[in-house]
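The values are calculated or read from the model by the stated rules, or taken from the named source; none is laboratory data. The model shown is predicted, which means the values in this text are computed figures rather than measured ones. Neighbour counts are summed over all protein chains in view; Cβ atoms, including those assigned to glycine, are modelled from backbone coordinates with ideal geometry.
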Amino acid sequence: MKVRKWLPVLAASFLLLSGCSSSSSSSSSDKDKVEISLYANNQGGTEYLDYLQNDVIKGFEAKHPNIKIKLVKNSDPEGLAKQQLAAGGGPDVIALNGPTSAQDFAAANYLLPLDEYAEKYKWEEDYYPWAYQTVQNNGKQIALPGSYETLVVYYNRDMFKQNGWEVPTSYEELEELNKKMADKDIIPFAFGSSDFKAANEWWLSVAFNETVGADGFKKVLTGETPWNSPEMKESIEKLNNLWTKGYINSKQSQAITLDDATSLFLSGKAAMKMEGTWLLSTFKGSPPPFDWDVFIMPSWKDGVEANLPLALGGAVGINKNSKHPDETAEFIDWMHSKQNAEKLLEMGGFLPINVLEAKNLDPHVQKSFDLLNEAMENNQTGYAAWTYWPPSAETFAWSNIESVWLGQIDTDTYLDKLQEAFEEDKQKGKLFKFND
Amino acid sequence: MKTKPIEVVSRHFFLFCVFLFAVGPLFLLVMNTFKPKEEFLTNPMGLPSSLTIDNLIAAWTEGAYGQAFLNSLLVGVATIIIVCISGGFAAYALAKYDFKGQNTIMAFLLLTMSVPMGLFLVPLFYVWQNLHLMDSLFGLIIIYSGIFLPFNIFLLRSFFLGIPKELLESARVDGCNELQVFMKLIVPLSKPVFLTVALLVGLWTWNEFFFANAFIQSDELRTVSTKYLAFVGSFSSDWSKVSAAGLISTLPMVVLYLFLQRQFIEGLTEGSIKG
Amino acid sequence: MSSDLVIINEVIQIKRSRRNWKKAMIPWLFLSPALFLILLVVAGPTIGTLILSLTDWDGIQQPKFIGIENYQALLSDPNFFAALGNNFKWMAIFCTVPIIFALIIAYMVSKVKRGQMFYRSSFFLPQIVSTVVSAKIWAWIYNPFMGLNTVLTKWGFHNVPMWLGDPAIALFSVALVDGWRYWGFLMVLILTALHQTDKSLEEAAVVEGANKVQIFWYVILPQLRPTLMLILMLTMIWSFAAFDYVFVMTNGGPGNATELISTYMYKEALQNQSPGYASSIALAMAVLSGIIIFVFGILKKKGWDM
C-alpha cells in the first residue's frame, strides 16, 4: 500500500512536468448522468461496428438522455474484461465469446444473476429455449445468448456455371470437384489462419460433424465415446486428405491471413470459401463482383446425414461490480430488442429470439437464414467447436491440427492427446451441459 | 595501395545491391501507398502507372491518425522528460559518489535491463488495474519510463564518468549544493548525451507496440504503432490503405532520422557498447 | 580529561556522524525516483511472476499454491522444447549470418572513398522503422499469391520457396526479416571499429607482400576482436528475447515451426488461460539468458576482449 500513498504525489508532479492528463478519470460534472461501458471487438468488420454505434448506442441514448454508453473497441474484449474483473474492475456490460465463457465467468462469480431482470423484461418468452438454456448456471440466468451462427460453403456461382461444376452431395463428389478445380489452377477453398489460428477449428467442426454425424459427435462431446475412436480418426484423415492435396488454400493456409483468404475468393483465384455466416455481413459491405451463393457442406460418409454445425457466437452479461445494474439491464434488453435484432438480421447476424420478422432480406442472407432454421427444425444441426467443445480440448484441437497436416505428428497421436485434453476438461467439470 | 577503377565500380555495384536490399522493402511501401487501389490487386509488386494520394487521405481520416500522433507525441515527450530527470539523477549518483551498495545497484540495473519484457507482463496488469492506470496514457508513460531507465542510466553514467571530479569540487567550494552542482554543471556539460537519450527514448516509444497494445484499450488513446495494428485488423484486405497507414506511422521518425542521422547512429551504437 | 572536553568531543562526533549520515543519504536521494519507477514497473512484477509460477492460476479462479508442479510439467512439455530448439536455431542464425554479412559490408564500405556516409545511413535505416510496419511489408513480400513469388514465377522460376508456409524454412524467412533490420546496426558498430584500426600495420603488411585476404584475416580481424565479442554477446542476449517478428508474421506457425519461448509464453498466458504456467516458462527463459550474461561476464573478467 506504500505505492498507493506515493502515487498521487508522484502523479501530481509528473502531471505538472508533462502537462498531461490521465484520461481514465473522466470527470462527470453532471451527477445524474450515468455512464455504462461496453467492449466490442474491433476486428468484427466495420459494418457491425457502425451498426453498434449508430443503431444500438445512439438509439439507446436518444431514448435515455441521462445514460451515456462508452464503447471501447479492442481486439480481445473478453480477455480484457477478464483481466479487469480479476482485479475488481471491468466494464458494465460483459461481452462474452459464448456460453462456455459465460459458464467460466459465472463460476468465478463475475456475473450478476439476471433472474430479476429476466422476469421484468420477460426474456424467457422472447428467446429460443435451446439458446436461452445454454447461459444458465445452477438454475440462475447468467447472461443473454448472442447470435447463433453456422458454417456454410460460399461459392462463386459464375465460375461453377462456366465450368459446368455442380454443388457436391458427397465427400467423393467434393474431392472430385476439388481435383477439377486444382487442375485448372484454381484454389478450391480459400482459407487463411496466420493471424487467427483458431480458424482451424471451423474445418475441424465440419470434419467431425459430417463424418461422425451430429448424434455420433454429441456422444463424443458427452464422453460416451472417445475422441480417438476409428470414426473420429476417419474424420481427421478425410480432412487431412483435402489439405495435403492442396485443396485447402494450396497448403498455404498458415501463411496468409483470414482477410487475404477472403481476397482470394473475391478476386476469383479461389472457387469456394468455407466460413461462418458472419461472412455475410462482410460481403454485404464489399459484395463479390460475381454471382455467388451458399451451400451446406455435404456429408463426408455414407449413411451420415449432412448437418449444419451450430454455434452461439456470443453472450452478454452484467458485471457483478457494476454501479448501474438497472441501466445496464435496460441496455442489454435494448441491444437484443426486436428493432435491433432485425437490423442485425439484415447483416447476417441471427439473434435467437422468436419475434424476428425477416423482411426484404438480401437473398443470400435470406437463404442462409432459411437453411439454418430448416436444419434446426429438422434436428439437422451439429456441434461447432467454439460453443460445444470444452476449452482444453478445443484449444488443443485447433492449435495442433496444422502439425498433423504438415506430417509432424500422426493422426493417432493427435487424437490420443485430444482425448487426454478432453479428460482434463471432464475432471474440471467443464464439459458442455446438454439439456435434453 | 592503388585501387583499379574496375574494382571501384564493382564495389559500388555490389554495395548498391545491398542498398536495394536494405531500402527496397521501404520503397515498396511508398510505392504501394501512391499506387491506385485497383492496380494493387493486378500488379502488387510492380511500378504504378499513375500516382494518387487517395489512400493516404483515406488512411489518415479513417484511422484518425491526428489523435494518434498527439498521443504518441505526448507519451514520447513525457517519457523523455521523466527518463532524463530521474535517469540523470541516478546516473549522477552512480558516477560521482562512492557509497555502500553501489555495486549492488549496478548489478540490479543490469539485471532489470536484460529481463525479457514478457516476464513481468501479467503481474504488471494487476498492479496497473489496482492503481487505476489501465487504459491511460499516464500509466503507459510510467511503464515506458521504468523499462527504458536502466539502459539510459548506463548511457548517462558512462558520459558523466568523463567529467573531471575537480570541476565538481570547485563548484562545491563555491557554495553550490549537490542539486545545484548537478543542474548548473553536469547538465550543461552533458547536452549531447541528453540529446541522445531523448532521441533513443523518442524512437522507442514511437515504435513500441507490445505494452501499448496491452495497456491501452480506448481507440482515442492509441499511440501511432497500436493505431496501425488496429488499422491492420479492420482493413487488412485493403492493402493500399494499410500501406498508407504504414507510411504515415513511419514517416515522422524517418524524417527525424534524416536530419539527425549522426546522433541516432552514434546514440544507438555507443549506447549498446557502453551500456 | 575534563568533562567539558568529553561533551565537546561527543557533540563533534554526533555532528560528524549526522553529517556523514546526511552525506551518505545524498546518492540514495538522487537514485530514489529512478529506483522507484524500476521497482514498480519491472522488478516488483518480476517477483510477482516468480510467485505466480508456483500457482495453478488460470486467470479466473483463485490461484492455488502448487509448488514446483509447473516446472515439472515444463520439463515434460514437448511444445516448450520445440520452442527452445527454435530459440537455439534462431540464435545460431543470428550469431553467424548477420555478423558475417555486416563484417564484409563494413569492410567494403570502409574502402569506399565517396558515399561512405550515404551507405552507412541507408543501411542503418531499417532500424528506424517500427516492427509492426516492417513485418507487414515483408508479409506482403512473402505472400504466396500476391508477393515476390508471383514475380519470380513470371520470370520463369519454378519451385519458388513457400516462405512462410513451409515449416522447413519459415523460421529462416522470419529471421531474414529480423536480420534485415538488425545487420545495419552491426555494420555501423564494425565500421566504427574499422576506422580505429592501426593503418600502419596494414601498410607494413602490404610492404611484406601480403595479399588482401591475408591482410583482412591476419591484420584487421584481430583488431576487431573486442567489437566482435561484444556484438556476439549483444546478439545472444537479444536473440533469446526475440518476439516481435514471429508474433506479427506467423504467430508461431505453421504447426509450431516458428514458435519461440517468448511467443509460447504469451500464448499460454493470454490465450490458453494459464498465466501460472506461463510464468514458469518466463522464468525458465530468464534463467537461460541469465546464464549467457554470466558466462560472458566471466569471459570478460578473464580478458577475452583484450
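Points to keep in mind about this one:
- Members of region A:208-267 that are at pLDDT 90 or above, assigned to a loop (DSSP other than H, G, I, E, B) and over 20 Å from C:Pro167 (Cβ atoms): A:Gly213, A:Gly223, A:Glu224, A:Thr225, A:Pro226, A:Trp227, A:Asn228, A:Ser229
- Selection of region B:67-83 for residues being farther than 13 Å from B:Tyr144 by Cα, touching a residue at least 12 places away in the same chain (Cβ under 8 Å) and surrounded by fewer than 24 Cβ atoms within 10 Å (Cβ to Cβ) yields B:Gln67, B:Phe69, B:Asn71.
- Scoring A:Ala397 on the criteria (1) surrounded by 19 or more Cβ atoms within 10 Å (Cβ to Cβ); (2) away from chain C (no Cβ under 14 Å); (3) farther than 30 Å from A:Gly88 by Cα; (4) in contact with a Leu (Cβ under 7 Å, 6 or more places away or on another chain) leaves a single failure, condition (2).
- Note on region B:110-129: among residues that are of a type outside the set (A, V, I, L, M, F, W, C) and at the interface with chain C (Cβ under 8 Å from one of its Cβ atoms), the one that is farthest from C:Ser262 (Cα to Cα) is B:Tyr126.
- Members of region C:16-34 that are at pLDDT 85 or above and facing chain B (nearest Cβ under 7 Å): C:Ile26, C:Pro27, C:Phe30, C:Leu31, C:Pro33, C:Ala34
- Residue match in region C:70-89 (condition: in contact with a strand residue (DSSP E or B) (Cβ under 9 Å, 6 or more places away or on another chain), surrounded by 15 or more Cβ atoms within 10 Å (Cβ to Cβ) and not in a loop (DSSP other than H, G, I, E, B)): yes
- Qualifying position, being of a type in the set (A, V, I, L, M) and surrounded by fewer than 13 Cβ atoms within 10 Å (Cβ to Cβ), among B:Leu15, B:Leu47, B:Leu41, B:Leu29: B:Leu47
- Pick from region B:216-225, criterion modelled with pLDDT under 90 and part of a helix (DSSP H, G or I), ranking: nearest to the other protein chains (Cβ to nearest Cβ): B:Asp219
- Matching residues in region C:261-306 - criterion: being of a type in the set (A, V, I, L, M, F, W, C), under 20 Å from C:Phe247 (Cα atoms) and more than 10 Å from chain B (Cβ to nearest Cβ): C:Ala284
- Some residue of region A:117-134 being surrounded by fewer than 20 Cβ atoms within 10 Å (Cβ to Cβ), under 29 Å from A:Leu372 (Cα atoms) and of a type in the set (S, T, N, Q): yes
- Selection status of A:Gly348, crowded, with 18+ Cβ neighbours inside 10 Å, of a type in the set (Gly, Ala, Ser) and within 12 Å of A:Tyr148 (Cβ to Cβ): yes
- Condition met for A:Ala421 (within 16 Å of A:Leu239 (Cα to Cα) and part of a helix (DSSP H, G or I)): no
- The helices (runs of 4 or more DSSP H) located wholly in region C:178-259 that include 1 or more residues which are farther than 30 Å from A:Asn200 by Cβ and within 11 Å of another protein chain (Cβ to nearest Cβ) occupy C:199-208, C:221-240.
- Residue in region A:18-29 that is more than 19 Å from A:Ala95 (Cβ to Cβ), in a helix (DSSP H, G or I) and modelled with pLDDT under 50 present: yes
- Condition met for B:Lys100 (at pLDDT below 90, of a type in the set (Lys, Arg) and closer than 30 Å to C:Leu29 by Cβ): yes
- Within region B:107-123, tally of residues that are touching a helix residue (DSSP H, G or I) at 6+ places or on another chain (Cβ under 7 Å), free of Cβ contacts under 8 Å to residues at least 60 places away in the same chain and not small (Gly, Ala, Ser): 8
- Among the conditions (1) buried (at least 23 other Cβ atoms within 10 Å of the Cβ); (2) among the hydrophobic types (A, V, I, L, M, F, W, C); (3) assigned to a loop (DSSP other than H, G, I, E, B), A:Ala306 misses just one, which is (1).
- Total residues in region C:117-169, condition in contact with an Asp or Glu (Cβ under 8 Å, 6 or more places away or on another chain) and more than 7 Å from every other protein chain (Cβ to nearest Cβ): 1
- When C:Asp166, C:Asp198 are screened for being touching a residue at least 60 places away in the same chain (Cβ under 8 Å) and among the charged types (D, E, K, R), only C:Asp166 passes.
- Failed criterion for B:Lys274 (all others in (1) more than 9 Å from chain C (Cβ to nearest Cβ); (2) closer than 26 Å to B:Tyr144 by Cα; (3) at pLDDT 90 or above hold): (3)
- Restricting attention to region A:80-107, the residues that are surrounded by fewer than 18 Cβ atoms within 10 Å (Cβ to Cβ) and free of Cβ contacts under 8 Å to residues at least 40 places away in the same chain add up to 2.
- Considering region A:82-109, the residues that are within 14 Å of chain B (Cβ to nearest Cβ) and closer than 22 Å to A:Trp389 by Cβ include one that is modelled with the lowest pLDDT, namely A:Lys82.
- Filter result for B:Phe19 (touching a helix residue (DSSP H, G or I) at 6+ places or on another chain (Cβ under 6 Å), in a helix (DSSP H, G or I), more than 14 Å from chain A (Cβ to nearest Cβ) and free of Cβ contacts under 8 Å to residues at least 24 places away in the same chain): yes
- Close pairs (9 angstrom Cβ cut-off, 6 or more residues apart or separate chains): more than 30 Å from A:Leu177 (Cα to Cα) and without any contact (Cβ under 8 Å) to a residue 24 or more places away in the chain in region A:131-158, buried (at least 24 other Cβ atoms within 10 Å of the Cβ) and among the β-branched types (Val, Ile, Thr) anywhere: A:Gln136/A:Ile142
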